[in-house]
1. Once phi is turned into ³J(HN,Hα) by the Karplus curve 6.51 cos²θ - 1.76 cosθ + 1.60 with θ = phi - 60°, what whole-Hz value does each residue of region 54-59 show in order, with x for glycine and proline?
2. Looking only at THR49, THR125, THR71, which one moves most when the chain is put into a Gaussian network model with springs between Cα atoms under 10 Å?
3. Any idea how far the Cα center of region 42-57 sits from the one of region 113-128, in Å?
4. Quick one: Kirkwood hydrodynamic radius for the chain, alpha-carbon pairs, angstrom, one decimal?
5. Kindly write out, for region 41-48 in residue order, the coupling ³J(HN,Hα) from the Karplus curve 6.51 cos²θ - 1.76 cosθ + 1.60 (θ = phi - 60°), rounded to whole Hz, with x marking Gly and Pro.
6. Contour minus end-to-end for GLU147 and PHE118, with contour as 0.36 nm per residue of separation and end-to-end as the Cα-Cα distance?
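The numbers here are math on the coordinates, done by the rules we state, and not lab data. These numbers were taken from a predicted model, which means no experiment stands behind them.
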Amino acid sequence: MLFPTHLAAGYVVGKRWDLPTRPLVVGAALPDLVDKPAAMVGLVDLYQTAGHSLLLLVVGFAAIFARRELTPLWLGWASHLLLDAFHMLLNGRAADVLFLAWPAVEHTPAVDLPPVAFVGQYLGTSSFYAEFVVWGLLVAVLVGNDEGE
Ligand SMILES: [Zn+2]
């Protein structure tokens, strides 16, 4: 999914379940903020590594038991991984969901592009159009907030 859509999804989740939206949005941004720059400067070979690892997400879940206030951040992080996996399935790239198993499983994805090039190949795909659902939910949440005030 596109980076802004992850942010929108984090905000929607926070509003929908009455959770703090700021840490949710930060958590939703975290995987791309960690992994994309790391790949762009050559620290890793792929654009989805540590921040997109389900294994590290599970480790992060343990941190919730130590500090409960990290729950919204973790939920945002989890939403990012879920949406990225969903986008790959929707675009017929089921094998690429193996990104979740990094670093336990080495997998070369069918699409592994820097952010700007990624957007170019992504526009017009099924997942791209599915992102409008998230944006529609964001509008509904924002309009709903206005009506409640
Ligand atoms: Zn991502």
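1. 5, 5, 6, 4, 5, 4
2. In the Gaussian network model the winner is THR125.
3. 19
4. 15.9
5. Going residue by residue, I get 9, x, 5, 9, 8, 10, 8, 10 Hz, with x marking Gly and Pro.
6. 6.7 nm
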